[in-house]
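Just so it is clear, none of the values below were taken in a lab; they were calculated from the coordinates. All values derive from a computational prediction rather than experimental measurement. Glycine also receives a Cβ, built like all others from the backbone with ideal geometry; neighbour counts cover every protein chain displayed.
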Amino acid sequence: MLHHVSFSVHDPNRAAAIISDLIAARPVRAPSPPFPAGSWFVILGDATGSLIELTPWGSVLAPDQKGIAQDPEMRPHSASHLLVGTPLATVEILALAVKNELRATEVSAGLFQFVKVWIEDSLLLELLPPEHKASYVECFGTIGAPSLDGKLRALEQQISGQTPRP
């Protein structure tokens, strides 16, 4: 079970407000210390205490620094991203993205659909609206997990144009 995840953004206050709107959560200023000044939490308010930590740009976790350090040469893109469920419908997500001047698009991962929203063009937030949640859970949830490998291999073959093997 995931309880929290952390990302660096240029404007943690604004990013926390936008993400909170997109997933119907609550922004809360993080304590400083121990977090860098200007850090924010996005509190989901669920039974497991899930939250998203947003620290100022360049904040990195470094074992030799005993916690959070600064990387002045931080790259703007990474493989890190987050898929979060939201009570908002796709049309509401896209409208909020337009309002906040964010890149956003509804996409298919082959087995389920979701909405990609780019926060500051560096943090990829994937949103799972109610109309797409069932197909995601069907694949990756308790019932779908035992047959997931077969579904993923069929998807590989479909995308590569191969005929599925019996």
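Can you report the number of residues in the stretch 12-26 which are surrounded by fewer than 21 Cβ atoms within 10 Å (Cβ to Cβ) and not in a helix (DSSP H, G or I)?
Matching residues across the stretch 12-26 total 2.
In the stretch 82-157, which strands (runs of 3 or more DSSP E) lie fully inside it and hold 3 or more residues that are among the hydrophobic types (A, V, I, L, M, F, W, C)?
Ranges flagged: 113-119, 123-128.
Mind counting the residues in the stretch 65-92 that are in contact (Cβ under 8 Å) with a residue 40 or more places away in the chain, in contact with a strand residue (DSSP E or B) (Cβ under 8 Å, 6 or more places away or on another chain) and surrounded by fewer than 13 Cβ atoms within 10 Å (Cβ to Cβ)?
Here the count works out to 1.
Within the stretch 37-64, work out how many residues are under 17 Å from the mean Cα position of the chain (by Cα), surrounded by fewer than 17 Cβ atoms within 10 Å (Cβ to Cβ) and among the charged types (D, E, K, R).
Here the count works out to 1.
Only residues that are in contact (Cβ under 8 Å) with a residue 24 or more places away in the chain, under 18 Å from LEU155 (Cβ atoms) and loosely packed, with under 15 Cβ neighbours inside 10 Å: list them for the stretch 101-136, please.
Correct list: GLY110, GLU126.
Check GLU106, GLU101, GLU120 and return the single one that is at positive phi and under 15 Å from the mean Cα position of the chain (by Cα).
Of GLU106, GLU101, GLU120, the one residue that is at positive phi and under 15 Å from the mean Cα position of the chain (by Cα) is GLU120.
When the stretch 27-51 is examined, which residues are found to be touching a strand residue (DSSP E or B) at 6+ places or on another chain (Cβ under 7 Å) and either assigned to a strand (DSSP E or B) or of a type in the set (D, E, K, R) (or both)?
Result: PRO27, VAL28, ARG29, TRP40, PHE41, VAL42, ILE43, LEU51.
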